[in-house]
Amino acid sequence: MTTKITHHPHAESLMSCSAGSMPEAFAAVMASHITMCPQCRKDLALMEKIGVAMFEQLEQTSVLQDAPVMHMRAAEADHGAIAVDAAVVQGGVPAPLQPVVGPDLTAIKWKRVGPGVAQHIIALNDDRANLRLVKVAPGQALPEHSHNGSELTLVLQGSYRDETGEYRTGDLADMMGDATHSPVADAVDGCICLIATEGKLKFKSLLARFVQPFAGI
Amino acid sequence: MIPQIENVRTISRLRNTPGSLSMADFLQRIAERGDVEAFRKLFQSYAPRVKSYMMRQGADANTAEELAQETMMAVWRKAGLYSVEKGSATTWIYTIARNLRIDRLRRELTWVALPEGHDQVASTDALPDDLLTEQERKLRVQTALAGLPQDQLEVVSLSYIEGLSHSEIAERLGLPLGTVKSRMRLAYQKIRDLVEDLK
Ligand SMILES: [Zn+2]
């Protein structure tokens, strides 16, 4: 996969990500993009410094217990363990996602939610936002819709196009609030996306619209 | 801008006066020979701050104490994985604390694990002299943070220190989500502009 990434998360999303403060579904989409995107990894490294600087300026709270020296002597230090390079995308599934969906996009069990649209919900502990894979048939248009909370969409396979441009493998659409768009999947490949959405109600209304028959293309 | 950079460089050199061991040296001693005294020094320097961090992230005092202890134990165990290319000792310990709190306080997978080697950009291009650059970068970030308007600093702090999502910050401050996001973005632009002078 040597596609060039042209759409990245906004800076404030990367910041929230580096702070470890995103709802889990968002963090999952960000992690998947970041493994594919050197540019965002670089930005993230600087944003991490913001956290470090703020951490360093925190007041100190006295610790009741001293250093646990006795345990330490017994503890095995992991000398020489090897850090795993996570920048691997196999079977269309970015490495961070593989533990929750498996290594192969073709093995996903899809559930049809409307004409040309199927999804696979990924269950998470954090219910502040939902995470799902969505598969859209070639040329299929989705009805124009808007987002009340934040929404992150990462293209894993194929591409789609909306008012803001074309999104190919690795591209991430960072959308918010009153943003309205009407995406159309690529005429040949369709697309598979990883989508995180805040708020359950919004999702239901969007789904309701999925179920309605679509006009056009 | 060159005179100013030189200035920062001088300051950071002065901070690493020869003879006094840096926190990175202590980490190295732990890694090489399980030096308990070095660990005690690190513990005294960092455990109280890690405890504050955990409390600000919503942990009660007991949990924060446990998490601070656990963070420092991880520092002991993983000291062999630390290298100066991964940044300062503070950066490394902070990221261990941050990952641990996502795992323990939120009981979530740590999707974007920052520390233990993700800093690939820095490490692959790192020259021996880059430790200074890291110091400089940190000073720049601190200067930039100190110069932020209060409303921007507030959202950055709520994000990094209190661990709130954008929507939660919007709710806490009674602001539209878009305002929170644009304040964060403006803050980042200022910080980046200041830091990028160094590259
Ligand atoms: Zn990117």
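None of the figures in this text is laboratory data; all of them are computed from the coordinates on show. These figures come from a predicted structure and were not determined experimentally. Note: ideal-geometry Cβ built from the backbone for every residue, glycine included; neighbour counts use all protein chains shown.
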Shielding of B:136-144 by partner chains, average beta-carbon count, 10 Å: 4
Averaged over residues of B:49-58, the number of beta carbons from other chains lying within 10 Å of each residue's Cβ is 4
How large is ³J(HN,Hα) for each residue in segment B:67-74, as worked out from phi by the Karplus curve 6.51 cos²θ - 1.76 cosθ + 1.60 (θ = phi - 60°), to whole Hz, x for Gly and Pro? 5, 5, 4, 5, 4, 5, 5, 5
Could you give the radius of gyration (one decimal) and Dmax (whole number) of the Cα atoms in segment B:21-100, in Å? 12.1, 36
Got a sec to turn the phi values of segment A:160-173 into Karplus ³J(HN,Hα) couplings, 6.51 cos²θ - 1.76 cosθ + 1.60 with θ = phi - 60°, whole Hz, x for Gly and Pro? 9, 9, 9, 4, 9, x, 9, 10, 10, 3, x, 6, 10, 9
If the limit is 30 Å between Cα atoms, which of A:Lys42/A:Lys111; A:Lys4/A:Lys49; A:Lys4/B:Lys78; A:Lys42/A:Lys109; A:Lys4/B:Lys181; A:Lys135/B:Lys190 go over it? A:Lys42/A:Lys111; A:Lys4/B:Lys78; A:Lys42/A:Lys109; A:Lys135/B:Lys190
Give the residue from B:Val155, B:Gly174, B:Leu139 lying farthest towards the positive end of the charge dipole for segment B:128-195; charges sit on Cβ (+1 for Lys and Arg, -1 for Asp and Glu) and the dipole is referred to the Cα centre. B:Gly174
Evaluate 2.2 N^0.38 Å with N set to the residue count of segment B:128-195, then give the Cα radius of gyration divided by it. 1.25
Name the long-range amide H neighbours of A:Glu166: under 5 Å, sequence gap of 5 or more, or other chain; modelled H, no Pro or chain starts. none
Karplus (6.51, -1.76, 1.60) ³J(HN,Hα), θ = phi - 60°, over segment B:178-184, in Hz, Gly and Pro reported as x: x, 5, 4, 5, 5, 5, 4
